[in-house]
Amino acid sequence: MLFVRQATTPGMRAARFPVPGERADPASLAGAAALADVVAGRPAFAAPSAAARQTAAALGLDASAVPCLAEADAGRWAGLTYEQVARDEPDGLARWLADPHAAPHGGESLAGLADRVASWLGSGPPEEAVVVCDAGAIRAALACALGLDPWAAARFDVAPLSTTELSPARGGWRVAHVNRTVNRTVSRTPPHRPNRKVTA
């Protein structure tokens with residue numbers, strides 16, 4: 001199963017909490033063409049956000065929208081920068097950073113996001129599928145595959161238009177690669193070693 005992180009949005013560049021209706025940058029969408037041959041002809045799914053659906057279309061995919069692949073609802077923090085939240089609600093941000101079950105913004109916790117992505121993976125989507133979504137859902141899939149808590153999985157770098165691949169294994173999933181950038185993406189034929197690059 002090949003996950004593609006959606007194209008860049010203005011909110012990503014400004015380090016804002018996600019807003020579902022935000023559209024992708026046209027220049028970033030143009031870069032999706034580099035992945036078209038890799039994803040062609042495969043069953044496709046996308047998060048319901050505008051940017052994910054735009055990215056799927058730019059890839060030439062007729063993707064089915066899957067609500068379980070949406071980013072966590074940021075509640076009243078949606079659209080705010082991390083800097084703003086740190087200034088205005090430092091205690092709430094500290095709780096959110098310390099506890100994946102916390103939702104001080106009134107939205108959804110990271111644990112909630114992880115649970116619904118794991119539930120979708122367990123529902124039997126085709127193993128050859130392409131999944132277009134944002135970083136939170138990809139990290140949640142990695143958490144499921146590796147048995148990590150949501151904040152541990154948040155340490156994976158997942159760049160816009162990068163690919164992350166999972167393959168079914170006995171009793172779960174195997175990680176084939178993480179955060180492979182567009183200009184280095186190749187077919188699935190050669191063996192891949194997992195890229196476990198993390199950020200602080």
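To check you understand DSSP bridge types, tell me what percent of the beta bridges within the chain (both residues inside) are antiparallel, rounded to 5. So the antiparallel bridges amount to about 55 percent of the total. Scanning the chain for long hydrophobic helices, with DSSP H runs required to stretch 15 angstrom or more by C-alpha along their axis and to average at least 0.0 on the Kyte-Doolittle scale, returns 110-122, 135-146. Over region 57-99, with a single point scatterer placed on each C-alpha, what log10 of the ratio I(q)/I(0) does the Debye formula yield at q = 0.14 1/Å? With one equal scatterer per Cα and no solvent, log10 I(q)/I(0) is -0.52.
Rounded to the nearest 500, the 222 nm mean residue ellipticity of the chain from helices alone is -8500 deg cm²/dmol, with -39,500 (n - 2.57) taken per DSSP H run of at least 4 residues.
Where the centroid of each part is defined by its Cα atoms, how far is region 85-104 from region 22-62 in Å? That distance is 32 Å. Taking every Cα-Cα distance in region 1-56 and sorting them into 5 Å bins from zero, the calculated P(r) comes out as 4, 20, 29, 25, 14, 7, 2 percent.
For region 22-114, the equivalent ellipsoid derived from the Cα gyration tensor has semi-axes of 32, 15, 10 Å, listed largest first. Beyond 21 Å, the tail of the calculated P(r) for region 81-159 holds 33 percent of the Cα pairs.
Where a number appears in this text, it was derived from the coordinates with a stated rule and is not lab data. None of the values given here were measured: they were computed from a predicted structure.
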